[in-house]
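**Student:** Below is one structure. I have some questions about it.
The values are calculated or read from the model by the stated rules, or taken from the named source; none is laboratory data. The model shown is predicted, which means the values in this text are computed figures rather than measured ones. Note that we place each Cβ from the backbone using ideal geometry, even for glycine, and neighbour counts take in every protein chain shown. Please note that ligands, DNA and RNA were not included when accessible areas were found on the heavy atoms of the full protein model with its side chains. Shrake-Rupley method; radii C 1.70, N 1.55, O 1.52, S 1.80 Å.
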Amino acid sequence: MSRREKAWWLVAGLAIVVYALFPVAWIVSLSLKGSADLANGQFLPTKLSWSNYQLILTGGASDLFLPALRNSFGICLIATAISCLLAMFAAYAIARLDFPGKKVILSTALAVAIFPVISIVTPLFNLWRQIGLYDTWPGLIIPYLSLTLPISIWTLSAFFREIPWEMEQAAQVDGATTWQAFRKVIVPLAAPGVFTTAIIAFFIAWNDFVYGIVLTSTNAARPVPAALGLFSGESQFEQPNGPIAAAAVIVTVPVVVLVLLFQRRIVSGLTNGAVKG
Amino acid sequence: MTATTLPPGQKQQPTAALPRRISDRSRAERRLGWMLAGPAFVVMLLVTAYPILQAIYDSLFDFRLTDPKNRAFTGLSNYAVILTDRIWWVSLGVTLLITIVTVVVELVLGFALALVMMKALSAIRPALRAAILIPYAVITVVSAFAWKYAFGLDSGFVNSWFSWLPGVGPNTDWFGGQWSALFVVCLAEIWKTTPFISLLLLAGLAQVPEVLQEAARVDGATWWQRMTKVTIPNMKAAIMVALLFRSLDAFRVFDSIFVMTSGANNTESVSFLAYRQTIARLEIGLGSAVSVLLFLSVVLISALFIKGFKVDLSSTRGEA
């Protein structure tokens, strides 16, 4: 590669970094603007101010934001754990065992993944009110499985196909049962794949907005995206922009850290098996 | 336990002494398979098949939550109401416009990003990969707020940065008109979801055999010829899968519209219409009918892709 060509690819790479970071940088900058700066029409604040963060973490908006943060973490973690557990067994069966219905399960996962969330949520809205699941954690965890379970099944089956199965057979030769071979040999080999799947499933649950606004009404279960979306409408503050930006930064930081730490695995998880190798 | 030690390929080998043993084993395997995969399968059915059946049922009634006593079976009249209403067609038009514009732009932009990542020096590749994952990981609502505030009259910088463009001034209200508002919605969607497409395309690019590229180069093909005659035909499967997933995803657009315009100025999408009927107006019957129509549209789009473009979904996502 000539030096000129190298420089050219470097510039293109830089453009990608700017593309990816620009809106994130903007929301960070906005969150650091004091009320005097908010409407200055500029990208950067003239003076750094932590007042927006104070407002949502300790001030008047903290009773809206902090419960939402707790709900989001709790609900998404539980939904991720359940779907990973279910998907682990399903993906093992799909990747390893020979049984009719394998195709049915994978096609169902595909169909569920492309299902319009709005079509699920309208009947649930009515049902949840009748059976008392409206505005509760289980009331969100159950529908979240429709988001996290299909992608967990795909991603994990793709990972499980890469596992050297001879080792399982070796264990079986040594007298292990199918179940023992699964637990003692395959689980440790599969752990990285399960971990990656969990991150991706968590992202998807964390991103949900539709279930969050429709199936909750109070701090009891409302997750962060829904709280943010409704905050603008019913807030007592003159300018909700600053506090919303600060809250947006706080919920974005953990996912960005996860991405930076595990980028290689996440990319292989997202694309592994999506395109046949 | 002789049968278990054979590699999977030879398992079905007919040996005179063992036929019963093998069928026992395969029966046990079958049972274990359903025992392991069954719970996930049942959960998936419960959280989707049940609600859509309920929605189909509800859509046949005139049913308001504010007036539950007067629930009455009205057959298909909800559908007649919707399909003869301008609001439905506007929302369908808006949804189709957003879907087509974002998917086309994302495909081109995503391909460019994938090419850069493919060719980029290995030293900066991890940095690029991490950077491109950030829009994917940012919550859609957060991205919508970022773009809304950037273009907004009260706190934005876009108007002052781009005041040199004709038609843009300090008082340009981007969310005051249908076209300008949809432009910003598309921009936010494109920013957020292009990385996903480009990662799928990158995986496809990596599978184009290098020998084909070399052969074309030796034969004197230009860069453009190699791209259109070798690279793109060889990654058609990856392109189609990316297109299908993104089209269906774009067709469900809701979050950005909720945050940016709340459907004002004819910017309502089909999902938003269903939400407004059911949740805001508590018209369960009408809202369910819109949900069912949305569901049918998604089925139609998938069928179009699978039959029309021959997208082979069995080659995607985990199928051996």
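**Student:** Which percent of the accessible area of region B:97-281 is formed by carbon and sulfur heavy atoms (probe 1.4 angstrom)?
**Tutor:** 66
**Student:** Subtracting the Cα-Cα distance from 0.36 nm times the residue separation, let me have the gained length for B:K236 to B:A127 in nm, one decimal.
**Tutor:** Between B:K236 and B:A127, full extension yields 36.5 nm more.
**Student:** Could you list, in their original order, any pairs among A:K33/B:K119; A:K6/B:K148; A:K103/B:K119; B:K119/B:K236; A:K6/B:K229; A:K184/B:K236 whose Cα atoms are separated by more than 29 Å?
**Tutor:** Violating the 29 Å Cα-Cα cut-off are A:K33/B:K119; A:K6/B:K148; A:K103/B:K119; A:K184/B:K236.
**Student:** Follow-up. Working from Cα positions, state the angle (0 to 90°, nearest 10) between the long axis of helix A:241-271 and the longest principal axis of chain A.
**Tutor:** The angle comes out near 20 degrees.
**Student:** Another one. What does the buried accessible surface come to for B and A, summed over both chains, with the probe at 1.4 Å? Round to 100 Å².
**Tutor:** 9400
**Student:** Please report, largest first and rounded to whole Å, the three semi-axes of the ellipsoid equivalent to region B:55-134, where each semi-axis is the square root of five times an eigenvalue of the C-alpha gyration tensor.
**Tutor:** After scaling each eigenvalue by five and taking roots: 50, 16, 9 Å.
**Student:** Further question on the same structure: Over all directions, average the projected area of the Cα convex hull of chain B and note it in nm².
**Tutor:** Projected over every direction and averaged, the Cα hull of chain B covers 26.8 nm².
**Student:** Give me the compactness ratio for region A:64-234, meaning the Cα radius of gyration over 2.2 N^0.38 Å.
**Tutor:** Region A:64-234 yields a ratio of 1.21.
**Student:** Convert 10 °C to kelvin, take the viscosity as 1.306 mPa s, use the Kirkwood radius over C-alpha pairs of the protein assembly as shown as Rh, and evaluate the Stokes-Einstein diffusion coefficient in µm²/s, rounded to a whole number.
**Tutor:** This corresponds to a translational diffusion coefficient of 61 µm²/s.
**Student:** Also, I was wondering about something else. Hey, what angle do you get for helix A:137-161 against the long axis of chain A, alpha-carbon based, 0 to 90 degrees rounded to 10?
**Tutor:** In chain A, helix A:137-161 runs at an angle near 50 degrees to the longest axis.
**Student:** Next question. Going through the DSSP H helices of chain B, which span 24 Å or more along their own axis at the Cα atoms while scoring at least 0.5 as a mean Kyte-Doolittle hydropathy?
**Tutor:** Correct list, ordered by number: B:86-119, B:178-205, B:284-303.
**Student:** Which angle between 0 and 90 degrees, to the nearest 10, do you get for helix A:102-113 versus the longest principal axis of chain A when only C-alpha atoms count?
**Tutor:** Once rounded, the angle reads 10 degrees.
**Student:** While we're here: Given points 7 Å out from each Cα along the Cα-Cβ axis, report the B:F309 to B:F183 separation in nanometres with one decimal.
**Tutor:** 2.8
**Student:** What is the Cα centroid distance between region A:78-142 and region A:162-179, reported in whole angstrom?
**Tutor:** Taking the Cα centre of region A:162-179 as reference, the centre of region A:78-142 is 30 Å away.
**Student:** Okay, moving on. In nm, to one decimal, how far is the A:D98 label point from the B:M35 one, both placed 7 Å along Cα→Cβ?
**Tutor:** 2.0
**Student:** What is the spin-label model distance, in nm, from B:F162 to B:W223 if the labels are put 7 Å beyond Cα along the C-beta direction?
**Tutor:** Calculated label separation equals 2.8 nm.
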